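These notes concern the structure reproduced below.
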Amino acid sequence: MLKFTRMKRRWHLPLGANSSNWRSHKSLSSAIEVESSIALRALVLAMVIIGVVATDIAAETQLSLWAVPLSVAGSSWSYYSCRDRNIPVKFCIAIGMLIALGAFFGRMVGQLNDTRLVLAELLIQLQVLHSFDMPRRKDLGYSIVIGLILIGVAATLSQTLAFAPALLFFLGAAIPTLVLDYRSRLGLKYVQDKQKQGKGKKILSALPSYALLFSLIVGLGLAIFAVLPRLPGYQLQTFPVSSPIEIQGDFTGRKIVNPGYVRQGKNGDGGENGENVTGQGESGEPGKVDNNFYYGFNSEINQNLRGEMKPKVVMRVRSQAAGFWRVLAFDQYTGKGWKVSRNDEVKRLKRPPWSYQTVLKLPLFTGKSKDIVQTYTMVSDLPNLIPAMSYPKKLYFPTEVIAVDKEGGLRSPVGLSEGLTYTVVSEVPYRDRTLLRKASSKYPQDIKDYYLQVPEAIAAKVKQQTEEILANYNQQQVAKSEKNLDSTYEQVLYLAQYLKQNYSLPQNPLDLPHIEKEEDLVETFLFKQKGGYPDHFSTVLTIMLRSIGIPARLVAGFAPGQFNPFTGMYVVRNTDAYAMTEVYFPKYGWFAFDPIPNHPLIPPSIEETQTFSVLRQFWQWVAGWLPSPVTGLLNYVFGNLFGLIVGAISWFFGLFAQGWFGTIAGLAVATTTAFCGWLGWEQWKNWRYRLALKKLPPMESIYQQMLRWTSNQGLGKHPSQTPLEYANSSIEHHTPHIAEVINEICQAYVKWRYGGQGVDFKQLQKKWQAATKAHQFKSTKS
C-alpha cells in the first residue's frame, strides 16, 4: 500500500483519473509524433520536386507541369491539417492510388521492353497523392526515398549532362534535410522563441560548413566515379527499345532512303532493283556533298562529289566497348564510286509480335569472339540503315520486320527518326594478329566471284604499282637481313600504312578538282592528284588489294564518336561517318583496315577489358598536359599497377569457369580475401583509435575509452544524455562495481570539463582497467 501511494505521488495521478489520463497521454503521444518543422517539410518537398524535374529533363517529358503544383498544394494541406484525422482525405487517396495502379498496368502493356519511365510515372502519381497526408516524420521519410528513386531513374534515362545540375541541386537539398531529420529524431528544437532574433546569424554561420561538406561530397563522388570499375553491363536480357512502329505497305528491303541524294529537287532514294539515284545526276557525275547527310549511306554511291558536311549530333550510343558502328558495305567498284551489286537479294526477317527480338544468322568463323551489347538512340534523322558493330546476332527493334543484305547490313522499313531507340547484340571477333598472319590464301568461290572485281582499264596498272610497292619494301628488308612481307595480313597493313604516309588529304576540301568523265578515281588518286578525300584512300586500298588477289570490300559507318564519361554514352556526329576497307581471311571472317591519314591503322574494336575505361579517358586528358618523360614514367608505373589489378580480377573470375573445383576454389579465395580485408580494416580502426586517444587530454581519453567499452557491450550513451544522466542510468544495466567506476569517471569528467578542477586521472585509469579485466574474467569463466 505504501509503495502504491508513492507511485501516485510520483505521477501525481488521482486514483479516479486513470481512464481520463490514459486518454490524455494517448493524445499527447499522437501529438508528439506529428512533425511540425516547416524547414524540414520544405526541404523534403524540394527533393521531390527536383526528382520530378530531373525525370522530365532526362526523359524529355512534361510530368512536372502537373506534379509540382499538386505536390506543393498537397504538402501545404498536409501541414495545416497534420493534427486532424483526415479520414475522408485518406479514403480519397486510397481510391486515387487504385486508379493510378490500374492506369499503370494499362500503360505497361505497350512498354513491356522498357518500363522505367512507366514506373517513374506511377511513383510520381503515388507521391502526389501521398503528399496530402504526411503528418509524421516517417511519412516525410517515404517522400525522401521517392525523391531519391526518381533521381536514380533520371540517371538511367539521361543521355546528356543536362541531368548534372539537377543532381547537384538534389545533393544541396539532401544535406540539410538529413541534418534536420536527425535533429528531429533526437527531439531537438532548432530555434527557441527567445532565440528567434539570432536565427539569421546562425544560418549564415553554418553556410561555410555546409559549403565545405557539399564540396567534399562532390569531390569524393567524382573521384570514386573515375576509379570505379566498369564491369560489363546489360546483365539482364531486357534491352531499351522504342514503342512498336506500324509499317504501311509492302517492305521489300531493297529501298534505301537517304535525303542526301536528290534528283530534280526531290529527296532521293535507292530505288528498287538497283535503280539508284546518286549525287545530283547520273552515276559518277560531278556534284556537291549534302550539308547534313553522309553520301555513303546508299545502295550506290558517287565519290565524285565535293564539299563537306556541317557537324551535328546524329545519335548517342551506349556500348560495352568502343567500335566502328557499321552501316553497310559495297562489293562492286564503278570507277567513280561503289554499288551493292546484289541489292535485289535482300532477305526479310520477321520477329514474333510478342517479342522485340530478331535473331540474325551469323556467318561461320573460328577464333575467339565476344558478345557486345550496343544501344542506339537517334538524335537526328538518318536513312533506313541500322548501324551495328560487326556480326550482329540479335536485334531489338521497334518494327516487326527488317531486312539483311548480302554484305551483312541491316535495313529498316522506316527511316531512323529522332528519338528512336534500339539495341543490338553483336558477336565481335577478337583481332588475333598471330592467327590472321597464318590465314590461308585459298578463298571460297563465292568470295572470289564478288570481291576481286577490278575494272579492266586500270587492273594492270594498279597491280603493277601495288607489286612494286611491296617488292621495294621486301628488298629493303632483305638488305637489313630482316623478315619480309610473307603473309596477307602483313601486306594489307603495309599497304594501308604506305597510303597514309605517301598520299595526302587536301588542305581545303573544295580545292580538290572533280574527276573527268573518262577518268577513274583510283588511277587519278595514285598517279595524278597524289591524294584525295578520306574515303578515296579506302577505295584505293580496296582496289589495290583486289588487284593482287586479296578479297576486299568497302564498308561505311560511323567512328565511335566522343565518349562522355559522365553519361557513359558515345556522342556520334554526322562528320564521324567515313568508309574503310574490309579484308576477308578464310575461317576468320572480315576485318577492317583504315588507310586514312590521322586515323588509327586498326579501327577501334573490343579489348580484353574495359573495366577502367573512365579512368583511362581521364588519364589521357591529363597526359596531354604533361611533359613526355613524366607521361612515360607514370604510364609505366600505373600501367603495371592496373595490369596487376586487372590480371587478378580476370584470374579470379576465370576460376568460376573451371567447373566445380574452380567454383569451390573461387569461393575459398573470396572468403579468405574478405576475412583478411575485414581483419586489416579492424586493425586499421584500432590503430586510428589509439592514435586519436594519444592526442586527447588524459581525462578525455579515459572518458572516451569508457564510452567505447560500454558501446561494445550494447549499452552505449545516447547523444542527448549528459554524462551524469548516463552514470545514473548505468546502475540498472551494469554490475555494481562497473557502475561505480562509470559514475566516478563521469563525475570526474564533468568536474574537469565544466568546472576546471584537477582530477587524479591515473587512479581512475587503474580502477577502470581493473574493473574491465574483472568483468572479462567473469565472462570467460561463465
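When each full DSSP H helix of the chain is screened for a Cα extent of at least 20 Å along its own axis and an average Kyte-Doolittle hydropathy of at least 0.0, the helices passing are 38-59, 64-80, 87-108, 116-130, 137-157, 164-186, 199-227, 534-547, 628-655.
Once the piece of chain linking K90 and E246 is laid out straight, how much longer is it, given 0.36 nm per residue of separation minus the C-alpha distance between them?
51.8 nm
Remark: relative contact order (the stretch 453-538) = 25 percent; criterion is Cα-Cα distance under 8 angstrom and separation of 6 or more residues.
With a ≥ b ≥ c the root eigenvalues of the C-alpha gyration tensor of the stretch 697-782, is it rounded (a/c under 1.5), prolate (a/b larger than b/c) or oblate? Oblate.
Peptides 683-693, 646-656, 564-574, 420-430 ranked from most to least packed give 420-430, 564-574, 646-656, 683-693, packing being the mean of other C-beta atoms within 10 angstrom over each peptide's residues.
Each peptide in 489-498, 176-185 gets a packing score, the mean of other Cβ atoms within 10 Å over its residues, and the list from highest to lowest is 489-498, 176-185. Taking all Cα pairs closer than 8 Å and separated by 6 or more residues, the relative contact order of the chain comes to 10 percent. Here's the list of aspartates and glutamates a cross-link from K312 could span, going by alpha-carbon distance under 19 Å and ignoring same-chain residues fewer than 8 apart: D290, D381, E418, D576. Comparing Y570, M706, I50 along the charge dipole axis of the chain, the residue lying farthest to the positive side is M706, per the Cβ-charge model. Here each label is just a point 7 Å from Cα along the line to Cβ, and for N484 and S81 those points are 9.4 nm apart.
The GluC sites (Glu not before Pro) of the stretch 30-128 that DSSP puts in a loop, and whose beta carbon has at most 13 other beta carbons within 10 Å, are E60. For the residue pairs K347/K530; K310/K368; K288/K528; K695/K773, the alpha carbons lie more than 31 Å apart in K347/K530; K310/K368. Simple spin-label estimate for S417 and K694 gives 7.2 nm between the two label positions (7 Å along the Cα-to-Cβ direction from each Cα). Sorted on the mean count of surrounding Cβ atoms within 10 Å across their residues, most packed first, peptides 544-551, 533-540 read 533-540, 544-551. Run the 1.4 Å probe and let me know the accessible area of S628, rounded to the nearest 10 Å². Accessible area of S628: about 100 Å². Within the straight-line cut-off of under 19 Å between alpha carbons, the aspartates and glutamates reachable from K461 are E516, E518, E519, D520, E523, sequence neighbours fewer than 8 places apart in one chain being disregarded. Every helix of 4 or more DSSP H residues in the chain counts as -39500 (n - 2.57), and over all residues that averages to -16500 deg cm²/dmol at 222 nm.
Listed cross-link partners K339/K500; K442/K480; K685/K762 are compared with a 29 Å cut-off, the Cα-Cα value being larger for K442/K480. Farthest toward the positive end of the dipole of the stretch 370-503, out of G419, T399, Y430, is the Cα of Y430, where the dipole comes from beta carbon charges about the Cα centre.
Working from label points 7 Å from Cα in the Cα-to-Cβ sense, the E732 to Q747 distance is 2.2 nm. Here the gap between E516 and K347, fully extended at 0.36 nm per residue and compared with their Cα-Cα distance, gives a gain of 57.1 nm. For W684 and A774, the difference between the fully extended length at 0.36 nm per residue and the C-alpha to C-alpha distance is 29.7 nm.
Place a point 7 Å from Cα of E467 in the direction of its Cβ. Which residues in the stretch 533-555 have their backbone N less than 15 Å from it? Of the residues in the stretch 533-555, 544-550 have backbone N under 15 Å from the label point off E467. Within the assembled protein chains, the solvent-accessible surface assigned to S242 is about 20 Å², based on a 1.4 Å probe.
First measure r as the distance between the Cβ atoms of D449 and L364, then evaluate 1/(1 + (r/R0)^6) with R0 = 22 Å and state the FRET efficiency to the nearest 0.05. Working shown, then result.
On the way: r = 18 Å, r/R0 = 0.82.
Efficiency, rounded to the nearest 0.05: 0.75.
Taking every C-alpha pair closer than 8 Å and separated by at least 6 residues, the mean separation divided by the residue count of the stretch 34-131 gives a relative contact order of 33 percent. Around the Cα centre of the chain, unit charges on the Cβ atoms of Lys, Arg, Asp and Glu (plus for the first two, minus for the last two) sum to a dipole of about 5280 debye. With the cut-off at under 14 Å, measuring from each backbone N in the stretch 573-588 to a point 7 Å along the Cα-to-Cβ line of Q562 picks out 573-576. Under a model in which nothing but the beta-carbon of Lys, Arg (+1) and Asp, Glu (-1) is charged, the stretch 281-439 shows a dipole of about 700 debye around its Cα centre.
Which FRET efficiency, nearest 0.05, do V637 and I224 yield, Cβ-Cβ r, R0 35 Å? So the FRET efficiency works out to roughly 0.95.
The values are calculated or read from the model by the stated rules, or taken from the named source; none is laboratory data. Predicted, not measured: the structure shown is a model, and the values here were computed from it. Counting neighbours? That spans all protein chains shown, and the Cβs are built from the backbone with ideal geometry, glycine included. Quick note on the areas: whole protein, heavy atoms, side chains included, nothing else; ligands and nucleic acids left out. Shrake-Rupley method; radii C 1.70, N 1.55, O 1.52, S 1.80 Å.
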